[in-house]
Amino acid sequence: MATERATPTAPGRRRLLAAGLALALPPARAARRTQIVAAWDADDGEHRLGLLDLSGTTVRVLASVALPTRAHGLVRAPDGTVLAAARRPGEWLLRWSPRDGAVDRVWLDPDRRLTGHLLPSADGRVLYTVETELETGQGRISVRDPRHFARLGDLPTHGIDPHQLLVDADGSLLVANGGVPTAPETGRARLDLERMDASLVRLDARDGRLLGQWRLDDRRLSLRHLARAGDGTVGVALQAEHDEAAVRASAPLLALFDGRGLRLADQAQALAGYGGDIAAAEGGFVVSAPRAGGLARWSGDGRWAGFDPLPEACALAADAAGLAALGRGAAQRGLGAAAEPLRAGTQRFDNHALVWR
Amino acid sequence: MSRRRVALGFALALCGSGVAAQSAWRSVAVPFYQPGDIVQGQRAHWYLPRAQDLARSATALEQAVQARCAGAPAAASRAAWRDLRLAWLRLATVPVGPLLERRSARRIDFAPARPARVARAIEQAPVGEAAMERVGSAAKGFDALRGLLAPAALEPAACAYAVEVAADLQREAQALAAAFAEGPDGDEAQLAAWAEAVNQWVGGLEQLRVQGFERGGAGADEIAARWAALRTLAVSDAVVAPEAGAGLVPLETVLRGKGLNPLADWLVAEVRTVGLRLDAARRGGAAAQRAASRALAALARRVEAEVAPALDVRLGFTDADGD
């Protein structure tokens, strides 16, 4: 694993001051401050990761750093930095400090590729990264030292194309195996969808032992993104891989996992078969549907709750204070009738975002 | 169009000449190419000759390593390794067909090699094809052999293992040359091969950008070899387009055959710009390297956004979709 430390692309003095002032705001105003971390493609094609302010009527970039390729999974590290994983088949992991612009980047060993997300353990002592082992094509989770990404251990995901994971209260891991056969040599091209095998698995984080595995009846629905609601229900955002365009267009975008089984949520309209991100927010689940141009909303028990139009909506950032969503040229704070629209630049945001407080 | 003309155009393409691409298209009609014509042209006029070059270079390397173990100077074996490496990059920068089916890159291009695995393999002293099959990729292939040939003086055991690694490379090169002599058969297979060719061209461009300028470590000659392959498969230096099935049909020519001359002109101009940026990066510093990386990214972006849809090809490498 090659390690390098890049020259920090420090945010400008004015930006630092703005960020500092925002952090110093009294509680009443700080509650309205909405800052998120997201990745995007700039107009000149450069891939960037940055800190955005959504407090006003426009999305403002406070600080950013250039990336070698597009990012995908983003997470806040226990030390307050941002950790990012390259989009699949990804070759780098990166740590970025929005405060001082410091960057550390490592390149993966040649026998592995990143396939989506990363997550610290509950105690923050290790970092899990979701990967594919090139020799076998099988999904693996690397257990890494969050300080320098060195691999400490390795767990099987009991499937292929693993994408996102959650850590449960008991320390076990819940992993979405997307199930789509691909090869790193051919990018994200689907190889043989007849072999598709998506599943949600629960693993013992100590040894990778399979504690449970669940599948949907429709084997052409890829289980990709996960979010847990306050009551423990896990929402699973889906991506359709059916051969027929009409079937893909009307495919479901949300499944719910209650700890015992997976079931599809009600869906009142066609959403173009592609869930880009998922968040648990305002007592329910939100799945971004960029190809349908908006945010699909459900109650916590899977009843359809509505659709918020937002062009190319994808990255969602949610916490107890609410949700923010990024689209193309537009963004919004909040949901439904209470949503506040914002203007965004012409950059193309990637799938995911993090609340940054 | 005569075979001689096809040969002339191909030679110019290999030289990377600055001749205006497909300059006769305004006065001489460019054929409409079926996917089978394009794939057959690529296989017969690009991949097969490159695979045969690879096999010849691999045989030369095997002989050079044997000679080294018999006391010849180190420089010859290192030069033979370099020749083989460049032949590999010319063939495998845009990996299609047998390169993917055989997973050749994984077999012989694992980098960086793992010194501990190489040391263990030297101890185990494998001999012959079956024994080398049991040696992991991290202990054989290009990078392992580069390391084995690096010392001024080789221990006999290391030298014997280097000969086996060179022979392993030669077997893979020979297998590729044999496999590229056969093309995909039938409309469906040819259509899939055409889509694969466009996908892999974009992927090869991205790999050049990442390995050459983002990750670093690729030398100037490796970057040049990768770019020569990408350029040859993208734009034509032939004055007149080949008849269907009679020559290499680059992306530019396919576009012209569809009447998409403005897009073809853009592709030619953009490829020329990238070539200039790469030349500048070879001579210049960090700013020139960033400019080269950006030029490669810009080319990939527009090929994804405009060229691939115009060719009715769905990309798996595209940056334009989500994940």
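The values are calculated or read from the model by the stated rules, or taken from the named source; none is laboratory data. This one's a predicted model, so the numbers in the text were calculated from it and none came from an experiment. Glycine also receives a Cβ, built like all others from the backbone with ideal geometry; neighbour counts cover every protein chain displayed. These area figures cover heavy atoms from the full protein model, side chains too; ligands, DNA and RNA do not enter into them. Shrake-Rupley method; radii C 1.70, N 1.55, O 1.52, S 1.80 Å.
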Fraction of accessible area attributable to carbon and sulfur, the protein assembly as shown (%, probe 1.4 Å): 51
Cut-off under 5 Å, modelled amide H: who pairs with A:Q138 long-range: A:E133
Residue-wise HN-Hα coupling along the stretch B:175-185, computed from phi with Karplus coefficients 6.51, -1.76, 1.60 (Hz; x: Gly, Pro): 5, 5, 4, 5, 5, 6, 5, 9, x, x, 10
Sequence-distant residues sharing a close amide H with A:R112 (under 5 Å, placed H): A:L134
Most mobile listed residue (A:A315, A:A84, A:A292) in chain A, GNM with C-alpha springs under 10 Å: A:A292
Estimated vicinal HN-Hα couplings, Hz - the stretch A:75-90 in sequence order (Karplus 6.51, -1.76, 1.60; Gly, Pro = x): 8, 8, 7, x, 8, x, 9, 9, 10, 10, 10, 5, 5, 5, x, x
Listed residue (A:G171, A:G56, A:L118) projecting farthest to the positive dipole end of chain A, Cβ model: A:G56
Distant-in-sequence amide H partners of A:R88 (H built 1.01 Å from N, under 5 Å): A:G116
Among B:R106, B:R56, B:R215: highest mean-square fluctuation, GNM of chain B, C-alpha pairs under 10 Å: B:R215
Farthest positive-ward along the stretch B:206-318 dipole, Cα basis, beta-carbon charges - from B:N261, B:L278, B:V235: B:L278
Shape of the stretch A:228-272, Cα gyration tensor, a/c cut at 1.5: prolate
Solvent-accessible area buried by pairing A with B, both sides, nearest 100 square angstrom, 1.4 angstrom probe: 2700
Heavy-atom SASA rank of A:D231, A:D111, A:D44 (probe 1.4 Å, accessible area, largest first): A:D231, A:D44, A:D111
Value of [θ]222 nm, deg cm²/dmol, for chain A, DSSP H segments ≥ 4, -39500 (n - 2.57) each, nearest 500: -1500 deg cm²/dmol
Three-way shape label, the stretch A:231-357, alpha-carbon gyration tensor, a/c 1.5: oblate
Estimated vicinal HN-Hα couplings, Hz - the stretch B:225-242 in sequence order (Karplus 6.51, -1.76, 1.60; Gly, Pro = x): 5, 4, 5, 4, 5, 4, 5, 4, 7, 9, 10, 10, 9, 6, 5, 10, 5, x
Cα long-axis angle, helix B:187-209 against chain B (0 to 90 degrees, to the nearest 10): 70
Surface accessible to a 1.4 Å probe, per residue, for the residues of the stretch B:129-215, Å²: 39
Per-residue [θ]222 nm for chain B (sum of -39500 (n - 2.57) over DSSP H runs n ≥ 4, rounded to 500): -20000 deg cm²/dmol
10 Å Cβ shell holding at most 14 others, DSSP loop, GluC sites (Glu not before Pro): longest site-free stretch of chain A: A:1-134
Cα-centre dipole for the stretch A:50-98 with unit charges at Cβ (Lys and Arg positive, Asp and Glu negative), debye to 20: 140
Heavy atoms of B:C69 accessible to a 1.4 Å probe, total area in Å² rounded to 10: 60
For the protein assembly as shown, projected area of the alpha-carbon convex hull averaged over all directions, nm²: 31.0
